[in-house]
Amino acid sequence: MSNKKSRTGAVRKKGLGKAVGSGGQGRQALEGRGPTPRAEDREYHAAYKAKKSRERYEAAKLRHAGGAGRGPERGRGGAKKDESELVTGRNAVLEALRTRIPATALYIAARIEMDDRTREILRLATNRNVPVLEVMRPEMDRMTERDTVHQGVVLKVPPMEYAHPLEMLDEIIGRDEVPLIVALDGVTDPRNLGAIIRSTAAFGGQGVVVPQRRSAGLNSAAWKTSAGAAARIPVAMASNLTQTLKEFKKQGVFVLGLDGGGDVSLPGLELADRPLVLVIGSEGKGLSRLVTEHCDAVVSIPISSATESLNAGIAASVALYEVAKLRAE
């Protein structure tokens, strides 16, 4: 039995009425699969991973440039990063609820010993429809920072919204009060920030200013140390502390730096009754050079020669007490 070729080149089998051809398959194979994708477009290639890394870096830069108005950050796998803060301790949580700080959840340790503060915390949270969740103490320990004493009570609050320094000053003046504001220059320990907020509230101050960079922020440790005062005293963030101090001075506010080497002694401070901004430097380095240049006076606290320096929080407390005492005379 023989096969014959037709004019088209297809093989015609004997006994069949049609030629059996390739159906165009050979021509399609010769056409190929199109241009080869670039290396950075192939998910398995190192160039693709490098491109994605660059994109994440650029996105992070844009978020930081946007400041407080940036959108929600995302963690690995695109999951939304939780930026909430945790207020810990019965006094801090109770004060936050009393002042109606926004809260998203209240965590209570299982088998907690009830006292008057705990009962009021539960009552306030229930009245405000804040979800109350009972958790075991080991889980609560994991939720909070290692050195945090939560006392079996943790309140979850949205990220802190800082005030604008000049708007804060306008509100103080609008209430016909003599401004007494504390500004931090290089104070990076949140516990010092919390202590300064607490002292500011105790001695009649109306606000605290922190710089955007190289400074402690109002996190759970600061909330805890402030013992609830952070719910009553506004904290403003300055994108540039030196520029903010210059703007304060234009509004008639005297800028006093607090430093061990100051040329003005704190006791009997003549400027105590004026509108004031007390600038507290870091415990190690003190005031920065630029901030010092914009101070109307640099004030020192007389201490024993056996003591090298005071903690930033303690120094702020002493200075605020002296100003409050002189204003009351």
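The values are calculated or read from the model by the stated rules, or taken from the named source; none is laboratory data. Because the structure is predicted, anything quoted here is derived from the model rather than measured. With ideal geometry, Cβ positions are generated from the backbone for all residues, glycine too; neighbour counts draw on all protein chains shown. Note: areas computed on protein heavy atoms with side chains; ligands, DNA, RNA excluded. Shrake-Rupley method; radii C 1.70, N 1.55, O 1.52, S 1.80 Å.
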Conditions first: (1) among the polar types (S, T, N, Q); (2) farther than 22 Å from His164 by Cα; (3) crowded, with 17+ Cβ neighbours inside 10 Å. Ser305 passes all but one, so which condition is the exception?
(3)
In segment 222-237, how many residues are of a type outside the set (A, V, I, L, M), open to solvent by 10 Å² or more (accessible area, probe 1.4 Å) and part of a loop (DSSP other than H, G, I, E, B)?
2
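Here's a check for you: in segment 152-199, which residue that is of a type in the set (Val, Ile, Thr) and in a strand (DSSP E or B) is surrounded by the fewest Cβ atoms within 10 Å (Cβ to Cβ)? Break it down into steps so the answer makes sense when it comes.
Filtering segment 152-199 for residues of a type in the set (Val, Ile, Thr) gives 153-154, 157, 172-173, 178, 181-182, 187-188, 196-197.
In the following step, the residues that additionally are in a strand (DSSP E or B) were identified as 153-154, 157, 181-182.
Numbers: Val153: 23, Val154: 24, Val157: 19, Ile181: 24, Val182: 27.
Filtering segment 152-199 for residues that are of a type in the set (Val, Ile, Thr) and in a strand (DSSP E or B), the one surrounded by the fewest Cβ atoms within 10 Å (Cβ to Cβ) comes out as Val157.
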Tally time: how many residues in segment 150-175 are closer than 21 Å to Leu276 by Cβ, in contact (Cβ under 8 Å) with a residue 40 or more places away in the chain and of a type in the set (Lys, Arg)?
0
Return the residue satisfying two criteria in turn: it lies in segment 293-309 and is touching an Asp or Glu at 6+ places or on another chain (Cβ under 8 Å) and either hydrophobic (A, V, I, L, M, F, W, C) or in a helix (DSSP H, G or I) (or both), and of such residues it is nearest to Asp170 (Cα to Cα).
Ala297
In segment 238-292, which residues are open to solvent by 50 Å² or more (accessible area, probe 1.4 Å), closer than 21 Å to Asp176 by Cβ and outside any helix (DSSP H, G or I)?
Gln251, Phe254, Asp273, Arg274
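Could you grab me the full set of residues in segment 242-280 that are among the polar types (S, T, N, Q) and over 28 Å from the mean Cα position of the chain (by Cα)?
So in segment 242-280, the residues among the polar types (S, T, N, Q) come out as 242-244, 251, 265.
If the condition is that a residue be among the polar types (S, T, N, Q) and over 28 Å from the mean Cα position of the chain (by Cα), then Gln251, Ser265 are the ones that fit.
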Might you let me know whether segment 200-211 holds any residue that is under 22 Å from the mean Cα position of the chain (by Cα), assigned to a helix (DSSP H, G or I) and at pLDDT 90 or above?
yes
